[in-house]
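A short worksheet on the structure shown next.
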Amino acid sequence: TDADAMRRISASARALLARISHPAAGGYAVHDPARPLAAPIAHVKECTGADTTVAIHAAADALPAWRARTAHDRAEVLHRWHDLIQASGDDLAQITTLESGKTLSDSRKEVAYGASFVRWFAEQARRVKGEIIPGASADKRLLVLRQPIGVAGVITPWNFPIAMITRKVAPALGAGCTAVVKPAEATPLSALVLDQLARDAGVPEGVISTITASREHAGTIGSTLTADERVRIVSFTGSTRVGKLLVEQSAPTVKKLALELGGNAPFIVFDDADLDVAVRALLASKLRNAGQVCIATNRVLVHETVEEEFVRRLCRVLEQERLGHGLDPDVTMGPLVNAGARDKFEEHVADAVKHGASIAFGGPDDPAVRSLTAKGAECEGAPFAAPTVLRHSSPAVRCWGEETFSPLVPIATFKTDQEAVAMANDTPYALASYFCTSSTNRIWRVAGAIE
């Protein structure tokens, strides 16, 4: 393992890692994206479709007893899980930073955010209520009972490796379901810690099973979950491409699906907006986790009369960003998740420049990135991307229609409200939209017009 990384985290975080790690033989390596050339930070089990079937069998066997427990009992277990997550919060945050690259500050916020889902659904478990509905005739009443659907397949992304698991697993367990969890191949450590803490909290064997695997076996695990009739619902957060594949694979068993897929969020700045507020709002929606957030701003539309001043203020604030290893306290942005993400960022910038855009800040050749990743540097070869502002962008460029998942800010201008709304709606994706204005009338009008 990476000895330098181990020295930078607490003894208790190292102890948690030791509990969940797997021998290198029969496992796959998990690397720190900020130090891709260093030794792995851990190895985890390389699971297969056969392992997934075993986990589904265990979940199906555990279902009757877990479902039969009272909502109060299940809520108490979830509360204990929440308390253990909070108690291990800083250790879990350090592990999350090591495997995902996000800053320690962001990881700590995610631990609190993820734990809040467990507490919320612990209480909601006590409030699962039925209904009595008047029938079509006077002598009949219709009684509705809400019952656990069964085994849930849970497939989660790497960008929020804690919160996406708790947001899916906590309601499943609270409702009386059992869960088979497939975390992203890049971030299995957080998932395994959550699994271990759940067991420590009293979640019975088989109620949660976590299946880890590299990209080589990820597709087999997904297809096993969708093909097995004992899995009654699959919850997935990730790319639209994989979401469509899961829909196809789930059709033969007519499985229920809960999907959160790609986004292409517009951010509109109208001519009456407070530009300082708009800049802060844009950066809050764009730079978190280096832009690797499904609801992050992907396209910026600024009224032509204020675009120059808006860009000037935006670039001035961006000068305060500090790239580096997420465990360094002065760092405000870590690396992208892998080299493929960096390549996509660079391709999007090159394509935009080819189509007439100009780099107002940052770019692939940013000096801070070059020195940070140079040969012999701590982060040599790491997939960092500097916050980058592109002026004179347009819907013709790739980053306008593809989810960038990086700190790339392409800016286009508009003349009228109608033009801004039409440009914002020109996408097959949904998920989120943002706009800044000082007009109450415009707030209601635009909010109603954006699809």
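The values are calculated or read from the model by the stated rules, or taken from the named source; none is laboratory data. Treat the numbers as computed from the prediction; the structure is a model and nothing was measured. Ideal geometry is used to build each Cβ from the backbone, glycine not excepted, and the neighbour counts take in all protein chains shown. Remember, those area values only see protein heavy atoms, side chains included, never the ligands or the DNA or RNA. Shrake-Rupley method; radii C 1.70, N 1.55, O 1.52, S 1.80 Å.
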Reciprocal of mean inverse Cα separation for region 379-451 (Kirkwood radius, Å)
14.4 Å
Hits among aspartates and glutamates - C-alpha to C-alpha of K354 under 17 Å, sequence gap 8 or more where chains match
D343, E346, D365, E402
Using the alpha-carbon atoms, what tilt in degrees (0 to 90, nearest 10) does helix 104-125 show relative to the longest principal axis of the chain?
40 degrees
On Cα atoms only, tilt of 163-175 relative to the major axis of the chain in degrees:
30 degrees
Hey, which lysines would be in cross-link range of K286, C-alpha to C-alpha under 16 Å, not counting anything within fewer than 8 residues on its own chain?
K102
Could you compute the net charge surrounding S10? Neighbours are other residues with a C-beta less than 11 Å from the C-beta of S10; K and R count +1, D and E count -1.
+1
Evaluate the chain: find the radius of gyration of its Cα atoms, find its Kirkwood radius, and give the ratio Rg to Rh.
1.00
Would you tell me the accessible area of D351, worked out with a 1.4 angstrom probe on the heavy atoms of the protein chains, in Å² to the nearest 10?
30 Å²
Give me the percent of Cα-Cα pairs in region 124-188 that sit more than 17 Å apart, rounded to a whole number.
56 percent
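Report the calculated FRET efficiency for I295 and D139 (r = Cβ-Cβ distance, R0 = 35 Å), to the nearest 0.05.
0.10
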Show which aspartates and glutamates lie in cross-link reach of K255 when reach means a straight Cα distance below 15 angstrom and same-chain residues fewer than eight apart are skipped.
D228, E229
At a 10 angstrom cut-off on C-beta neighbours, averaged per residue, how do the peptides 125-135, 416-426 rank from highest to lowest?
416-426, 125-135
What ranking, highest mean first, results for peptides 293-305, 219-231 when packing means the other Cβ atoms within 10 Å averaged over each residue?
293-305, 219-231
Longest to shortest principal axis, alpha-carbon extents of region 80-204, angstrom:
64, 26, 26
Relative to the longest principal axis of the C-alpha atoms of the chain, give the angle of the C-alpha long axis of helix 11-20, reported between 0 and 90° and rounded to the nearest 10°.
60 degrees
Suppose the chain between V54 and S439 were pulled fully straight at 0.36 nm per residue; how much longer would it get relative to their current alpha carbon spacing?
132.8 nm
What size of dipole, in debye to the nearest 20, comes out for the chain about its Cα centre when the only charges are +1 on Lys and Arg C-beta atoms and -1 on Asp and Glu C-beta atoms?
1280 debye
Two pseudo-spin positions, 7 Å from Cα along C-beta at K109 and at E229, lie apart in nanometres by 4.7 nm
